[in-house]
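Okay, so here's the structure we're looking at.
Derivation of every value follows stated rules applied to the coordinates shown; laboratory data play no part. Bear in mind the structure is a predicted one, so any value in this text is a computation, not a measurement. Heads up, the Cβs are rebuilt from the backbone with ideal geometry, glycines too, and the neighbour counts pull from every protein chain shown.
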Amino acid sequence: MSTANNKVDVSIFQQPKKGNYYCGDSYFYKETETGFICALADGLGSGEFANESSKIVIDIIKENMDVDVKQLVTIANERLLGKRGVVLGILKMDFNRNLYSFSSIGNIGIIQVADGRKKRSIPNVGYLAGYRRSFKVIKEKLEPDMNFIIFSDGVKDKELSKMCLENTDVHTITKSYRYVSQEVRDDDTTLIAIHYNENVEG
Ligand SMILES: [Mn+2]
């Protein structure tokens, strides 16, 4: 999957836990004229109910794309009252202001790579299940040729290793991840590789 000829390239690797039909991880991404949004939600536990909760969150994000990250997390959280909890990561880019913002609650990792340097922010602890909670949203300058890797906890850190730094092509990243990662999974696994291209007009 990719968005060719656009400002953002995306490639995704996803595989459910061994023996499960439903994947508890749901994701969504979209590029518009003015920005880009990507969200990854992982329902706690696995199977059908985990899948239901992560889908609820992703639907909310699809319906409220213009809302900022802080508001999106807040709305998603409210909508989960009485449901299985989720962990969630959301990344938004603003092309006009050259900014990106993201927030991650629980075990969704987000790695940012700019100029061959890797930065990993510590996620907010906990998960979303309808209860009021505080969380941080990080805002930074969006640089041309930045990469972002968003992943659920089925992805093991050691598997990610250097591949994020060595490759900028998103398809190479997911392909090499597929190659090094274990075949038998004890958790649903989603890895989303994102590349922001030089800001070419027209
Ligand atoms: Mn998981």
*Taking +1 at the Cβ of each Lys and Arg and -1 at the Cβ of each Asp and Glu, which of 67, 93, 130 sits farthest along the dipole of the chain towards its positive end, judged by Cα position relative to the Cα centre?*
130
_Size-normalised alpha-carbon gyration radius of segment 8-196, reference 2.2 N^0.38 Å_ = 0.96
_the chain, helix-only ellipticity at 222 nm - DSSP H runs n ≥ 4, -39,500 (n - 2.57), divided by all residues, nearest 500_ = -6500 deg cm²/dmol
*Shape category assigned to segment 110-202 from the gyration tensor of Cα positions, a/c cut at 1.5*: oblate
*In the neighborhood of residue 50, defined by Cβ-to-Cβ distances under 9 Å, what is the net charge if each Lys or Arg adds +1 and each Asp or Glu adds -1?*
-4
*What is the calculated FRET efficiency for residue 145 to residue 122, with r their C-beta to C-beta distance and R₀ = 35 Å, to the nearest 0.05?*
0.90
*Please state the relative contact order of segment 117-202 as a whole percent: Cα pairs under 8 Å, 6+ residues apart?*
41
*Might you report the magnitude of the Cβ-based charge dipole of the chain about its Cα centre, with Lys and Arg at +1 and Asp and Glu at -1, to the nearest 20 debye?*
620
*What list of ³J(HN,Hα) couplings, whole Hz, do you get for segment 105-120 from phi and the Karplus terms 6.51, -1.76, 1.60, once you set θ to phi - 60° and write x for glycine and proline?*
10, x, 7, 10, x, 10, 10, 10, 10, 9, 6, x, 10, 9, 10, 10
*Got the relative contact order for the chain handy, in percent, Cα pairs under 8 Å and 6 or more residues apart?*
26
_If R₀ is 22 angstrom, what is the calculated FRET efficiency for the pair residue 165 and residue 138, using the beta carbon separation as r and rounding to 0.05?_
0.65
*asked:* Could you sort the peptides 43-55, 138-150 by per-residue average Cβ neighbour count (10 Å cutoff), highest mean leading?
replied: 43-55, 138-150
*If contacts are Cα pairs under 8 angstrom and at least 6 residues apart, what is the relative contact order of segment 28-95 in percent?*
45
_Run the numbers for residue 186 and residue 68: contour at 0.36 nm per residue of separation, minus the present Cα-Cα distance, in nm._
39.1 nm
